[in-house]
Amino acid sequence: MFRTRRSKRAPAPPDGRLPAAEFLALVREALEEVAPGFTEGVVIKDDLMVSPQGWAVILLPPQHSTGRHYDLIATPDPRLPGKEWTFSDCVTAFSADERDTAASWAQTTGACLVELVDGRGRFAERVAPGDAGGVPGWGLIVSGAIGFGRDATENRKLQGALLLADVLPRTAHTFTADLTSPHVNGIKVFYGGAPGAVQAEVRVNGERHEAASAALAALGLPEPAALAVARYYALMLPLPENAELFAGRDAGRDADHHDGCGCGDACGCGGRIDPEHPGFLQPLPDPVLRLPEAERADRTRVDTGAVMAVKGVGNFLKVRLPVRLEDGRTVNHLLWARLDAATIEEVVQRARAGTLTGHRFAGTLANGVRPWGGELLDAPVVLEGRAPAGEGTVGMCEVVESERPVLAEVLAGRWPAEQVLGERDPRLRTG
């Protein structure tokens, strides 16, 4: 519970902001709610909050001419040289109580700071390049999304939409070249506003990034029916320099077996791990996998093992993505493609009628695949029905084309086994 002695409050600055030390006291209390014990021994003096653990938060002088805005810089250790281990963010008061403003920083940017210092995956999500939501070449520490505004339902709607949109992997191509720190870069994702006046903003190391913001706006997130906004924060750490922070996070993304896929050994997709026919299964589409288990069960309307319909998320078809190796083998990935309702209905009808073979249709990939990770997620694809492997079976649909250059390369090229399989290569296991 927050406790502040308002009777001793210093006069507020002309812009309506609290004095620096008083606002930092609220930040400290909000951080303590996020991570009990994290702020033990913290000292606040004027615009600086320092922990005996080494981390620090600095409140900058006003950067805005109007409104109650607070600009903060955080670092896991102020003794580290230069700005390369600092990350910045700003928060704006959306209510009369500045506790809410402090909490919005603590639950997003602050949670990333706690996770960076704590390192046990308890306060923010650690995402390796090959994980769902990952960005090739970068390790991520990502906070949860928070929503705030006048309508709780609209807040929750924006929160969910922002989480399901996979903003970072879908927009990273617009800003990764501008990530200048070799250690830690801060990214704020903000979306929302009043009906007809919605803002989509991505800030990179404290500065609005126009290309990334435009890419976020183009994702088609829903417009709120009442004033509501949602935000989250992420730290991007270049790999391999910070690989130890994500050790073990990239392993096991693909299952070594896909029992129950229904295609049988004859399809050559690797139903059993065969040294000559390696194959991997993505058990669920990435946006479905990221839902809490109870919510996933509640939203799932159809799940046949080959077709899924998940309310508010999309319609999905299990498909095959072949990756050809230089040594003549093909790695077959069973994963999911997102289709619109009319397309998936036609696919189902053709499968029943036996006319699916050779039929081409469009969708988008709903999974990332090692080693390309998030670069393949939401890539537009052309799929083609393949002939059944045997009597009484239904042929898989296969990814055959894509407009996204990286996926087009994957489909057209032949790849070194060590790059695509690495330690997962069955030939290594069979000696």
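Only one of the numbered conditions (1) in contact with a Phe, Trp or Tyr (Cβ under 7 Å, 6 or more places away or on another chain); (2) closer than 20 Å to A217 by Cβ is not met by R126, and that is (2). Taking the stretch 210-245, which residues are in a loop (DSSP other than H, G, I, E, B), under 26 Å from L113 (Cβ atoms) and of a type outside the set (A, V, I, L, M, F, W, C)? Result: P240, E241, N242. Residue count for the stretch 186-209, restricted to those that are surrounded by fewer than 21 Cβ atoms within 10 Å (Cβ to Cβ), of a type in the set (G, A, S), in contact with a strand residue (DSSP E or B) (Cβ under 7 Å, 6 or more places away or on another chain) and in a strand (DSSP E or B): 2. Of the residues in the stretch 348-367, at least one is surrounded by 21 or more Cβ atoms within 10 Å (Cβ to Cβ), within 26 Å of L325 (Cβ to Cβ), touching a residue at least 60 places away in the same chain (Cβ under 8 Å) and under 29 Å from the mean Cα position of the chain (by Cα). Restricting V313, V323, V319 to those that are of a type in the set (V, I, T), over 30 Å from L221 (Cα atoms) and modelled with pLDDT of 90 or more reduces the list to V323. Counted as qualifying within the stretch 284-368 are the helices (runs of 4 or more DSSP H) with 3 or more residues that are more than 30 Å from D425 (Cα to Cα), namely 293-299, 341-353. Out of curiosity, is G41 part of a loop (DSSP other than H, G, I, E, B) and either open to solvent by 20 Å² or more (accessible area, probe 1.4 Å) or of a type in the set (K, R) (or both)? In short, yes. P222 fulfils the conditions (1) surrounded by fewer than 19 Cβ atoms within 10 Å (Cβ to Cβ); (2) modelled with pLDDT of 85 or more; (3) closer than 20 Å to G368 by Cα except for a single criterion, (3). Here the condition is being modelled with pLDDT under 85, part of a loop (DSSP other than H, G, I, E, B) and closer than 21 Å to D131 by Cβ; of D250, D259, it holds for D250 alone. Within the stretch 165-182, the residues that satisfy the criterion of being in a helix (DSSP H, G or I), surrounded by 20 or more Cβ atoms within 10 Å (Cβ to Cβ) and not small (G, A, S) are V167, L168, P169, T171. Taken as a whole, the stretch 136-157 holds no residue that is touching a Ser or Thr at 6+ places or on another chain (Cβ under 9 Å), at positive phi and not small (G, A, S).
Selection over the stretch 325-357 of residues that are among the small types (G, A, S) and touching a Leu at 6+ places or on another chain (Cβ under 6 Å) gives a count of 1.
Conditions (1) outside any loop (DSSP other than H, G, I, E, B); (2) within 30 Å of D286 (Cα to Cα); (3) at pLDDT 85 or above, marked per residue:
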{"site": "P52", "(1), (2), (3)": "no, no, yes"}
{"site": "H64", "(1), (2), (3)": "no, no, no"}
{"site": "Y70", "(1), (2), (3)": "yes, no, yes"}
{"site": "E84", "(1), (2), (3)": "no, no, no"}
{"site": "R99", "(1), (2), (3)": "yes, no, yes"}
{"site": "A106", "(1), (2), (3)": "yes, yes, yes"}
{"site": "F123", "(1), (2), (3)": "no, yes, no"}
{"site": "D131", "(1), (2), (3)": "no, yes, no"}
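Residues in the stretch 372-384 include none that are modelled with pLDDT of 90 or more and among the aromatic types (F, W, Y).
The values are calculated or read from the model by the stated rules, or taken from the named source; none is laboratory data. Remember, it's a predicted structure, so these values are computed and weren't measured experimentally. Note that each Cβ is placed from the backbone with ideal geometry, even for glycine, and that neighbours are counted across all protein chains shown. Heads up: the accessible areas ignore ligands, DNA and RNA and are worked out on the full protein's heavy atoms, side chains in. Shrake-Rupley method; radii C 1.70, N 1.55, O 1.52, S 1.80 Å.
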